[in-house]
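The values are calculated or read from the model by the stated rules, or taken from the named source; none is laboratory data. In this text the structure is predicted, and so the values were computed from the model without any measurement. Glycine also receives a Cβ, built like all others from the backbone with ideal geometry; neighbour counts cover every protein chain displayed. The accessibility values were calculated without ligands, DNA or RNA, using every heavy atom of the protein model including side chains. Shrake-Rupley method; radii C 1.70, N 1.55, O 1.52, S 1.80 Å.
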Amino acid sequence: KQKDHGHGDATKPYCITMRAIFRFYIVVASVLWTAHSCSGKLFPRRTKLTWVNGIAHLPEHMSDPTFVISTIFGGVNVDYCHNPSSMTSESDYLGFVKDGIQASTHVMMGRLTPEVDLLVEHLRNALAQVGRNGRVIHIAHSQGSVITWLAAQRLKPEECKRIEIISFGGAATICTSEFPFARCINYYAVNDPILNVVPSAVKALKSGFSFGDGMQQEIIFLASRTGDPVTDHGLLNPTYLEALVWEGQRYQSLFLSPLGQMTSAAFVGPLSSTVTWFPNFAYEMTRRAVVAMVRILTLLWELVRVTFTRLLGKEERYDPIFLKTL
């Protein structure tokens, strides 16, 4: 009996050591798993925002829309691909007509022009910047949408899968049934004159979404905010601007970390107040700063709590309750 007792004493430190090692590995695995689950929220995938314009845009016309898009999407950098115009000034009506003729050749004949080659190169450069796991968010307006549609024909399927397309008043609808993009959304004002040259969008509008081949879910019609068809076609006018704000909110919730949202509110908020057509923007950014701060603190507290709880071996246990019967 004494030998057995002595043997038990000898194995006791060994058991304690193995238990400590086992608990250590559990704690390490727990910390890694918690960090992994939190990292997706604190450090989202890399993204790049790009946009391409429609007709009648001189180089000096690109800075204002780029600034507005950047502000709405949380102050991230936005690269534009300039679709050049034949206009030499804002009063060059002959150049405007030439732009319209060129756009019609894109729509009617699918003509590949240097603008298409430039956009293909632009998108591939953006993909290289975000890496294999990143995402490119590409915004297209008016003729820029049909140029994007033509460029998509030259992109590889694996390249399309890392690109999201957001089209406003596009001269062509871009849908995942035709190209394997990660996401496609086409916004149209119901009275946008561009609908006269986009049969697929007109079909979706007339059908009332009662039937279709899956493409209709990627076409969204917007009620006019101005009542003027020409005004509604503008990217930064109220109708499309409202949808652009929706997309900006979606982008920030998916791809901008809480820390990034807080930084955006702190530094971009004062600038956003200059966007006079969206007067509550500064207030909204301030509100998001508070929400982002709370989210960060919550994630950090959860990480610390789980780590210390498992390190001290005080995991929550649920003991069954036995009812005594009389």
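Details
- Unique residue being at pLDDT 95 or above and within 26 Å of N77 (Cα to Cα) when the list is A243, A140: A140
- Every residue from segment 230-249 that is open to solvent by 50 Å² or more (accessible area, probe 1.4 Å) and in a helix (DSSP H, G or I): V230, P238, E242, W246, Q249
- Given (1) buried (at least 19 other Cβ atoms within 10 Å of the Cβ); (2) polar (S, T, N, Q); (3) over 27 Å from Q129 (Cβ atoms), index of the condition S177 fails: (1)
A quick yes/no check of all residues on (1) more than 30 Å from E242 (Cβ to Cβ); (2) buried (at least 24 other Cβ atoms within 10 Å of the Cβ):
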residue	(1), (2)
L119	no, yes
A128	yes, no
R132	yes, no
I139	no, yes
L150	no, no
R154	yes, no
G169	no, yes
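- Condition met for R317 (of a type in the set (D, E, K, R) and modelled with pLDDT of 55 or more): no
- Residue match in segment 107-116 (condition: modelled with pLDDT of 75 or more and open to solvent by 60 Å² or more (accessible area, probe 1.4 Å)): yes
- Evaluation of A182 against (1) in contact (Cβ under 8 Å) with a residue 60 or more places away in the chain; (2) open to solvent by 30 Å² or more (accessible area, probe 1.4 Å) (one fails), failing number: (1)
- Answer from R132, R124 - the residue that is among the charged types (D, E, K, R), within 23 Å of F255 (Cα to Cα) and at pLDDT below 95: R132
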